Structures are given as structure tokens and as C-alpha cells.
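Novice: Have a look at this one.
The values are calculated or read from the model by the stated rules, or taken from the named source; none is laboratory data. These numbers come from a predicted model, not from an experiment. Here the Cβ positions follow ideal geometry from the backbone for every residue, glycine too, while neighbour counts run over all protein chains shown.
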Amino acid sequence: MSDWHTSTLTQLAAGLRARKFSSVELVRAYLDRIDASQAALNAFISVTREQALADAAAADRALAAGAGGALTGVPIAHKDIFCTQGVRTTCGSRMLDNFVSPYDATVVAKLKGAGAIMLGKTNMDEFAMGSSSETSFYGPVRNPWNPQLVPGGSSGGSAAAVAARLVPAATATDTGGSIRQPAALCGITGLKPTYGRVSRYGMIAFASSLDQGGVLTPSAADAALMLREMAGFDANDSTSVDTPVPDYVAALEQPLAGLKVGLLREFFDKGLDAHNEQRVREALKLYQQLGARLTEVSLPNLPLSVPVYYVVAPAECSSNLARFDGVRFGYRCENPRDLTDLYRRSRGEGFGAEVKRRIMTGTYVLSAGYYDAYYLKAQRVRQLINADFTRAFGSVDVLMGPTTPTPAFAIGAKTSDPITMYLNDIYTIGANLAGLPAVSIPCGFVQELPVGLQIVGPHFSEARVLNAAHAFQRATDWHTRVPQGYA
Amino acid sequence: MYDFALVFSLRHARREPPMALTREQIASIAALARLDLSSSEIPVYQDSLSRILDFVGALDRAHTTGVAPMSHPLPGLSQRLRPDVVTEQDRHELYQANAPQVAAGLYLVPKVIE
């Protein structure tokens, strides 16, 4: 069998349980696809071939014994922001080029416990700071739909890997759109759960009040299967929420009739590419045909979400990245003169340009004399944006709109002006500020490039959001399209 | 009222930011952040940090009198406490395997006191 890569995660898990093929066969086939694509896409930082094949052999023994979990023998990849015991974990940075994690992130441990096999660690923007996967110390990731274009970011390696079917699912993280934006630009499904739904333990911190782990998959049904295993309370994460994990898979088939969909008026503005808008409007029309009721809603403070984000996220980043001191782990400069020189040169040489930019922005907005004007002000506006969402969810079940203003852009096109790059996340940041679950699903193409539709729900409504995404995917086939050369 | 057109218009703003940061300010921020910058990096950050501060200056237009700052996306949740018992094992050898310089179980740094 050579077409495993066109099967869904659900089908692969079922095929393994029915012993139609072995995990070793499956893992070997995907590892070969990873190797064959690496020069073209640069989607991986590390490939853990030997360990994966050994784990697959163990999975086959478990399956033969009638044991195993929901994902036993299924290959996946982890974004290189998740700590993996005994495996190099770089976060896309020179700072952690030699860091071998002494423990597993909770997400990694949970997926391992469910039987999933890790094939490797995916490339990403350095410390998840970027919207194009160009800031990685390991070089840019390329978009499988067109290698001259970015895959989006920061989870660009995971997105490119899933889009090119190098793995049937990959973990990812989303601080301002880092799951949804690459999902849109690569034509796949990306789920950012509610803040606190998935443990952040062992997920290298960027902005702790915004970071949330999630997943990239071809379909919403696959995302539901993954989330069911990844979600849940974790005592090791002080912001983990102790609320039961529903069966996201069982909720997929609920009828859509009567679903109240709010169209975000602020998202359909002149910044939105006209062709992108057309695809999104067609998707909304289909939702109407499927029984949803559409109403326009306004979130007047939402346009301020990017300025709020570029105060709050750098502030938290400057604090979180203070731990990289050249003493306990990570990069250390040569021949430090004294302790201050050790700190300054280790950090100056270990961090890339965008990370340094954000650390300095954060340092400035938190410094004496500016804290009230920038940081406290941004936190107050964050409250206003959150209140806008709360008000909207008083009258609608979910909000819909575009995920990004445009399809994928050229590598190098937006690297000179940080503001231009930051505006890529203009439609995604709101959900992070309010801690809301959101998904991006493919809803068509513009000049052979995929376009994403975003669905945002109230806190802990992942089942509803995935259900709405799944209903759309039952009626369309955009999510089954595979880029030329990877089919 | 704010609109995205307003925010997007900043993308095309090729004007110089009104309050450009000086070389000295960038050097001082870098010193606070314990970042060594080369002399060629300083003007790059002068330009981009000035632009970012200009961009986030849009927040001034929001009326926030009486609005409480929001630091946690799930308001109302209280900080969890755990029993005060030892839960961690001593694994310093494993952890120190990642350290740049270690001797006798101690992290080594340049001499601090002459």
C-alpha cells in the first residue's frame, strides 16, 4: 500500500487496530516522505527515525496483544517548542541548539500515552515569534503549495508537514495566530483550544497569558481525535483548568440547524483581500444552506487587538526569556570577561533579531515611567476587547470571518518592516486576548493558494467549533486537496 | 469607533515616527534587557522600535477610565494551591547535563567578587 498519506488520522488509527497494516510499515513510509521533502520544505529540525521505528515495533506488539490506546501506532510530529525527553528541543533558536530536554511536556506525554509515535520535531519561528517561519535559526520553512512562499508561522513546520502529508497530524502552539494563520496559508485545519484547556507544562513559554497548545491536521474530525487525547487538567500548569474533557469525536455529527453565526463586521474591511473575502462569503453562504442563521455583529474595540498584543506579548516575552542567562542551560558566549558580559553576549549572540526586538519592546513598555502608559493601558483595552466578545456570545453561538487578510506571501516580502508582518495576525489575535477557542479551516483557493475560514466560540466550546467545522467539511472537499508533488 | 482601515493605514505610513528613540535610549533598553548589541544593530532597532511604539500609540484613542486591567484570559479563576509536600526528586545531574560549565555539582560563572 502506498497511499497511506491520503488516509485520515481516524482511518489510520482504525486500520492499525484492525491490523490491516503495521505501525512499522506506516512509520517507515512517512519517514521516507519526510526525508524526500526536507530539502524542498525544511519542515523539520530533527527527525527521530531510530526511536520512531523502535516505538512503532512496540506499538505493533501492543496491537497484536489487543492492547493500545486511541492513537496506538499512529505517526505524528511535535513542534520544536514542546520539550521531548532525551531529544533535542531547540525552539528554532541558536540559544537552545544544544538543549536536550530532561523531561516530556505534558502534551508529549499524553500523546505518547495514547500510543502516538513521534517522527520528529518541526521547524518554527524562533521562540514562536513570527508569522512566516522565516526567523528560525534553522532557515525558513517553505510552503508546499508554492516553495517561493511562506507557510505562515510560527507553526510553519508543523503546517507544511501536515499540508504535504509528511505526517497525518502535528502539534502546534498559538499565541497570536500561530496555529490558525499557517493552517489557512497551507490549506489545512488548525485548532487553538481555550486558554487552560491544554497544559502548557513543557511548552517553552513566549507570552504566558496568551500561549495555548493545539493541533494541525487535514480535517476537523482528526483535530477532535487529537484534542481528546491532548486536553485535560494538569497540576504542573497553574493555569490549567480542571473541567471535564468532552468526547469531541462523538460531538462531531450534531446537526447544525439553528446554529447562530455572527459575522464579524470589523473583519470585512478594506484590509481584506477582495478574493479572500469572496471565498469566505461563499463559505458563509454554504453555512446558511446547512441551516445556520447568520447575523452581523460588531466588536468595536477589536481593531485595537494588534496594538494591545504588541504591548502585552513583548512584555511577557521579555520576562519569560530572562531565564536564558548562559548559566544553567542553552548557549554561552566564548571567554566572558565578567558575569554581566556573560549575560549580555550569551543573549546577544544566542537570540535572533526578531526575538531581540520583542525583548527590547517588552523591556521598554515595562520600564519605569512607561508601564502605565503602555502596559496597563494595553491590559485595560484587552478588557474592553474581552467584553466585546462576551457581549457578542450573548446573542450568537459562534463567530465567523477570515483567518488572514491575504493568502500566502513571498519569502522575504515582509521581513524589512515588522509592522507589516505583525498585521498578518490582525484577525487571529482577538481570540488569544480573550482566551477563546478558534479553528481555521480551508474554504477555497485564490490563484491556487488556499484560503482559511475562522470559527471562534465561547470558552470551552471546542466541541461546538469542531462540530461546525466538520459540518462544512462534510459538504466540501477543500480539506482533502493536497499540493502538487505531494499527492 | 475604530476601524481596521485605520490600523491598516499604518502599513503604508512611510513617514518618520514622530517620537524616534535615540541611540542612547536603545543602548539603555539593551542594557536593561542584558542584550549585547553591535553598533550596526542599534540603528535597526532605533527605527523598528520607534515604529512599533508609534503603532501601539493607537491605544491612546481608547477610553479606558474605570476599566480594570486584564492580566488573565479567564477572569474569575482563583490561583490553585497544593499541599506543602515535597513532590520533586533530586535530578540535578540530569539537569546539569545541559549546563555550559559545571564542577562538583555547581554551575560555574566568571568570578563575581575579586
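Novice: Which of the residues spanning the range A:95-116 are buried (at least 22 other Cβ atoms within 10 Å of the Cβ) and more than 15 Å from A:Gly213 (Cβ to Cβ)?
Specialist: Scanning the range A:95-116 gives A:Met95, A:Leu96, A:Gly115.
Novice: With the requirement that a residue be exposed (fewer than 15 other Cβ atoms within 10 Å of the Cβ) and in a helix (DSSP H, G or I), what does the range A:475-487 give you?
Specialist: Taking the range A:475-487 and keeping what is exposed (fewer than 15 other Cβ atoms within 10 Å of the Cβ), we get A:475, A:477, A:480, A:484-485, A:487.
The answer is A:Ala475, A:Thr480.
Novice: Please go through (1) surrounded by 11 or more Cβ atoms within 10 Å (Cβ to Cβ); (2) part of a loop (DSSP other than H, G, I, E, B); (3) at pLDDT below 95; (4) basic (Lys, Arg) for B:Arg14 and return the number of the only condition it doesn't satisfy.
Specialist: (1)
Novice: Looking only at the range A:397-411, decide whether some residue is part of a loop (DSSP other than H, G, I, E, B) and without any contact (Cβ under 8 Å) to a residue 40 or more places away in the chain. Explain how you work it out, then say what you get.
Specialist: So in the range A:397-411, the residues part of a loop (DSSP other than H, G, I, E, B) come out as A:397, A:403-409, A:411.
Then drop every residue that is not without any contact (Cβ under 8 Å) to a residue 40 or more places away in the chain, which leaves none.
No, the range A:397-411 contains no residue that is part of a loop (DSSP other than H, G, I, E, B) and without any contact (Cβ under 8 Å) to a residue 40 or more places away in the chain.
Novice: Please enumerate the residues belonging to the range A:366-385 that are more than 8 Å from chain B (Cβ to nearest Cβ) and in contact (Cβ under 8 Å) with a residue 24 or more places away in the chain. Before you say what the answer is, go through the steps one by one.
Specialist: Of the range A:366-385, the ones more than 8 Å from chain B (Cβ to nearest Cβ) are A:366, A:368-373, A:375, A:385.
Answer for the range A:366-385, where residues must be more than 8 Å from chain B (Cβ to nearest Cβ) and in contact (Cβ under 8 Å) with a residue 24 or more places away in the chain: A:Leu366, A:Tyr375, A:Ile385.
Novice: Pull out all pairs, ordered by first then second residue, where Cβ-Cβ is under 8 Å, the residues are six or more apart or on different chains, the first lies in the range A:155-169 and is within 14 Å of A:Ile81 (Cβ to Cβ), and the second is among the β-branched types (Val, Ile, Thr) and not in a loop (DSSP other than H, G, I, E, B).
Specialist: That search, which allows pairs on different chains as well, returns A:Ser155/A:Thr122; A:Ser155/A:Thr173; A:Gly157/A:Ile45; A:Gly157/A:Thr122; A:Ser158/A:Thr122; A:Ser158/A:Thr171.
Novice: Another question about this same structure. Tell me, please, whether a residue that is within 14 Å of chain B (Cβ to nearest Cβ), part of a helix (DSSP H, G or I) and either under 22 Å from B:Leu74 (Cα atoms) or within 24 Å of the chain's Cα centre (by Cα) (or both) can be found in the range A:249-263.
Specialist: No, the range A:249-263 has no match at all.
Novice: Would you check if B:Arg61 is facing chain A (nearest Cβ under 9 Å), within 30 Å of A:Asn386 (Cβ to Cβ) and not β-branched (Val, Ile, Thr)? Spell out how you get there, then give the answer.
Specialist: On the way: facing chain A (nearest Cβ under 9 Å): yes; within 30 Å of A:Asn386 (Cβ to Cβ): yes; not β-branched (Val, Ile, Thr): yes.
So B:Arg61 passes the test.
Novice: If a residue has to be over 19 Å from A:Lys192 (Cα atoms), touching a Ser or Thr at 6+ places or on another chain (Cβ under 8 Å) and not in a helix (DSSP H, G or I) to count, how many in the range A:94-115 make the cut?
Specialist: 7
Novice: Taking the conditions exactly as written (surrounded by fewer than 24 Cβ atoms within 10 Å (Cβ to Cβ), more than 11 Å from every other protein chain (Cβ to nearest Cβ) and part of a helix (DSSP H, G or I)), does A:Arg391 satisfy them or not?
Specialist: Values: surrounded by fewer than 24 Cβ atoms within 10 Å (Cβ to Cβ): yes; more than 11 Å from every other protein chain (Cβ to nearest Cβ): yes; part of a helix (DSSP H, G or I): yes.
For A:Arg391, the condition - surrounded by fewer than 24 Cβ atoms within 10 Å (Cβ to Cβ), more than 11 Å from every other protein chain (Cβ to nearest Cβ) and part of a helix (DSSP H, G or I) - is met.
Novice: Might you check whether a residue that is under 18 Å from A:Val108 (Cβ atoms) and aliphatic (A, V, I, L, M) occurs anywhere in the range A:136-154?
Specialist: no
Novice: Since A:Thr420 meets every condition but one in (1) crowded, with 24+ Cβ neighbours inside 10 Å; (2) without any contact (Cβ under 8 Å) to a residue 24 or more places away in the chain, which condition does it not meet?
Specialist: Among (1) crowded, with 24+ Cβ neighbours inside 10 Å; (2) without any contact (Cβ under 8 Å) to a residue 24 or more places away in the chain, the lone unmet condition for A:Thr420 is (1).
Novice: Residue check, B:Ala33 against (1) closer than 30 Å to A:Asp341 by Cβ; (2) modelled with pLDDT under 95, all met but one. Which one?
Specialist: (2)
Novice: On to the next question. Every residue in the range A:295-317 that is of a type in the set (Ser, Thr, Tyr) and either touching a Lys or Arg at 6+ places or on another chain (Cβ under 6 Å) or crowded, with 24+ Cβ neighbours inside 10 Å (or both), please. Steps first, answer last, please.
Specialist: The first filter runs over the range A:295-317 and keeps only residues of a type in the set (Ser, Thr, Tyr), leaving A:295, A:298, A:305, A:309-310.
Selection gives A:Ser298, A:Ser305, A:Tyr309, A:Tyr310.
Novice: Now, a different point. All but one of (1) facing chain B (nearest Cβ under 9 Å); (2) farther than 19 Å from B:Gln46 by Cα; (3) of a type outside the set (S, T, N, Q) hold for A:Gly350; which doesn't?
Specialist: All conditions are met except number (1).
Novice: Criterion first (in a helix (DSSP H, G or I) and in contact (Cβ under 8 Å) with a residue 12 or more places away in the chain) does A:Val306 satisfy it? Steps first, please.
Specialist: On the way: in a helix (DSSP H, G or I): yes; in contact (Cβ under 8 Å) with a residue 12 or more places away in the chain: yes.
Yes.
Novice: Next question, about the same structure. Would you mind stating whether A:Gly330 is at the interface with another protein chain (Cβ under 8 Å from one of its Cβ atoms), out of contact with any strand residue (DSSP E or B) (no Cβ under 7 Å at 6 or more places or on another chain) and in a loop (DSSP other than H, G, I, E, B)? First the steps, then the outcome.
Specialist: Details: at the interface with another protein chain (Cβ under 8 Å from one of its Cβ atoms): yes; out of contact with any strand residue (DSSP E or B) (no Cβ under 7 Å at 6 or more places or on another chain): yes; in a loop (DSSP other than H, G, I, E, B): yes.
Here the answer is yes, as A:Gly330 does meet what is asked.
Novice: I'm checking my understanding of the structure. Among residues of the range A:245-267 that are at pLDDT below 95 and crowded, with 17+ Cβ neighbours inside 10 Å, which one is farthest from A:Ala471 (Cα to Cα)?
Specialist: A:Glu266
Novice: Further, regarding this structure: Just a yes or no: is a residue in the range B:65-82 modelled with pLDDT of 95 or more and more than 7 Å from chain A (Cβ to nearest Cβ)?
Specialist: Yes, the conditions are met somewhere in the range B:65-82.
Novice: A follow-up question, please. Whether any residue in the range A:411-425 is over 20 Å from A:Leu149 (Cβ atoms) and either over 20 Å from the mean Cα position of the chain (by Cα) or more than 10 Å from chain B (Cβ to nearest Cβ) (or both) is what I want to check.
Specialist: yes
Novice: Could I ask something else about it? Is there a residue in the range A:432-455 that is within 9 Å of chain B (Cβ to nearest Cβ), of a type in the set (S, T, N, Q) and within 16 Å of the chain's Cα centre (by Cα)?
Specialist: From the range A:432-455, those within 9 Å of chain B (Cβ to nearest Cβ) are A:432-436; that's our starting set.
From what is left, the residues that are of a type in the set (S, T, N, Q) are A:432.
From the residues that got through so far, the ones that are within 16 Å of the chain's Cα centre (by Cα) too are A:432.
Scanning the range A:432-455 turns up at least one residue that is within 9 Å of chain B (Cβ to nearest Cβ), of a type in the set (S, T, N, Q) and within 16 Å of the chain's Cα centre (by Cα).
Novice: Out of A:Ile81, A:Ile76, I need the residue that is at pLDDT 95 or above and touching a Ser or Thr at 6+ places or on another chain (Cβ under 6 Å). Which one?
Specialist: Values: A:Ile76 fails: touching a Ser or Thr at 6+ places or on another chain (Cβ under 6 Å).
It is A:Ile81.
Listed here are the residues, each with its yes/no results for (1) within 30 Å of A:Ser346 (Cα to Cα); (2) in a loop (DSSP other than H, G, I, E, B); (3) out of contact with any Pro (no Cβ under 7 Å at 6 or more places or on another chain); (4) of a type in the set (A, V, I, L, M).
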| residue | (1), (2), (3), (4) |
| --- | --- |
| A:Tyr138 | yes, yes, yes, no |
| A:Gly153 | yes, yes, no, no |
| A:Val162 | no, no, no, yes |
| A:Ala183 | no, no, yes, yes |
